[in-house]
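Asks: My questions will all concern the structure given below.
The values are calculated or read from the model by the stated rules, or taken from the named source; none is laboratory data. Bear in mind that the values here come from a model prediction, so they are computed numbers and not experimental data. Cβ sites come from the backbone with ideal geometry, for glycine too, and all protein chains shown count toward neighbours. With ligands, DNA and RNA removed, areas are computed over all heavy atoms of the protein, side chains included. Shrake-Rupley method; radii C 1.70, N 1.55, O 1.52, S 1.80 Å.
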Amino acid sequence: MRLTITLSTENQIRLPLHYNYLVQSLIYGCLESDFASFLHNTGYEIDGRRFKLFTFSRLIGRYRISEKEICFEPPVRLIVSSPNSDFCSHLLNGLLSKKSIQLGDNVLEVETIDTEKSVVTKENLKVRLQSPVVVYSTLFKADGRKYTCYFQPGETEFANLIADNLRRKYRACYGQAPPEADIRITCLQRPRLHVVRYKTTVIKGYSGALRIQGPTALLQLAVEAGLGAKNSMGFGCCEIIED
């Protein structure tokens with residue numbers, strides 16, 4: 001399910017340039033405490049990896065950027081998406097029950113919440129990224145030290161790692177083996193690099209439009225749970241675009 005949340009206030013919404021952690025905190029703060037703790041600390045584990053099975057967009061609205069902050073003119077919209085009905089129910093109930101919610105130093109009111117279920121019926125989709133997609137591998141230098149290698153749309157590793165990630169998410173979400181067919185990803189436009197700071201970690205991701213071909217069940221999961229890694233930190237949220 002996909003929730004489009006419209007948030008408003010009487011003043012400008014002032015945020016640091018890198019605000020993913022603040023939005024993530026807002027989402028967790030709207031969940032029932034036990035469920036939020038489970039999701040944050042445990043999640044859905046498969047092959048030694050933990051998945052939260054939700055993603056969210058960048059804030060959508062009019063803004064201006066200064067050297068140290070981004071200022072939005074209210075209202076702003078936030079898209080949160082998940083295949084997990086428990087997560088969606090907890091988030092929806094939490095948003096409806098609160099008179100106001102905190103985003104950084106801003107106190108916001110929930111104006112509207114629109115829900116939508118996009119059903120994937122074909123094995124060929126065009127999607128637009130609403131938050132940067134992150135694809136990486138952790139490698140080792142000759143001296144044994146780790147380093148992170150990020151991949152961009154158009155590289156072979158980018159498509160292969162997204163496919164592997166989607167298959168793990170499918171097993172974590174549904175508890176069964178995913179469809180075996182290949183997944184192919186091609187760029188529809190030149191990808192744009194984003195360098196995002198999450199707490200003290202610098203993360204590289206790419207935005208743009210992609211064509212994804214593969215089994216409908218995995219494409220459905222891509223639309224609902226997000227593409228690539230670090231989805232619950234606000235990466236890989238995408239929407240279907242028509243031909």
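Asks: Tell me, what is the percent relative contact order of the chain, built from C-alpha pairs under 8 Å that lie six or more residues apart?
Replies: Relative contact order here is 28 percent.
Asks: While we're here: If N is the number of residues in the range 64-201, what value comes out of its Cα radius of gyration divided by 2.2 N^0.38 Å?
Replies: This ratio for the range 64-201 stands at 1.34.
Asks: Still on this structure, I have one more. Find, among the trypsin sites (Lys or Arg not before Pro) in the range 192-233, those assigned to loop by DSSP (not H, G, I, E, B) with at most 13 other beta-carbon atoms within 10 angstrom.
Replies: Counting only loop positions with at most 13 other Cβ atoms within 10 Å, the trypsin sites (Lys or Arg not before Pro) in the range 192-233 are Lys199.
Asks: With every protein chain kept in place and ligands, DNA and RNA left out, what is the accessible area per residue of the chain? Probe 1.4 Å, answer in Å².
Replies: 52
Asks: How large, in percent, is the carbon and sulfur part of the accessible surface of the chain at a probe radius of 1.4 Å?
Replies: 45
Asks: Going through the cross-link list Lys98/Lys230; Lys141/Lys199; Lys52/Lys169; Lys122/Lys230; Lys117/Lys169, which pairs have a Cα-Cα distance over 21 Å in this structure?
Replies: Lys98/Lys230; Lys141/Lys199; Lys122/Lys230
Asks: Let me ask something else about it. Counting other Cβ atoms within 10 Å, which trypsin sites (Lys or Arg not before Pro) in the range 34-81 have at most 11 and lie in a DSSP loop?
Replies: Sparse-neighbourhood loop trypsin sites (Lys or Arg not before Pro): Arg62, Lys68.
Asks: Considering the Cα trace of the range 1-122, what is its radius of gyration and what is Dmax, both in angstroms?
Replies: Cα-based Rg and Dmax for the range 1-122 come out at 15.2, 47 Å.
Asks: Got a sec to turn the phi values of the range 119-131 into Karplus ³J(HN,Hα) couplings, 6.51 cos²θ - 1.76 cosθ + 1.60 with θ = phi - 60°, whole Hz, x for Gly and Pro?
Replies: For the range 119-131, the Karplus curve yields 9, 7, 10, 9, 8, 8, 10, 9, 10, 10, 7, 9, 8 Hz.
Asks: Quick check on the chain: helices-only [θ] at 222 nm, where DSSP H runs of length 4 and up contribute -39,500 (n - 2.57) each and the sum goes over total residues. Nearest 500, please.
Replies: The helix-only estimate for the chain comes to -8000 deg cm²/dmol at 222 nm.
Asks: Additional query: Angle check, please: helix 156-174 long axis (alpha carbons) against the longest principal axis of the chain (alpha carbons), in degrees 0 to 90, nearest 10.
Replies: 70
Asks: Pop out the ³J(HN,Hα) list for the range 36-49 in order, Karplus 6.51 cos²θ - 1.76 cosθ + 1.60 with θ = phi - 60°, rounded to Hz; leave Gly and Pro as x.
Replies: With coefficients 6.51, -1.76 and 1.60, one gets 4, 5, 4, 5, 5, 8, 10, x, 10, 9, 8, 6, x, 10 Hz.
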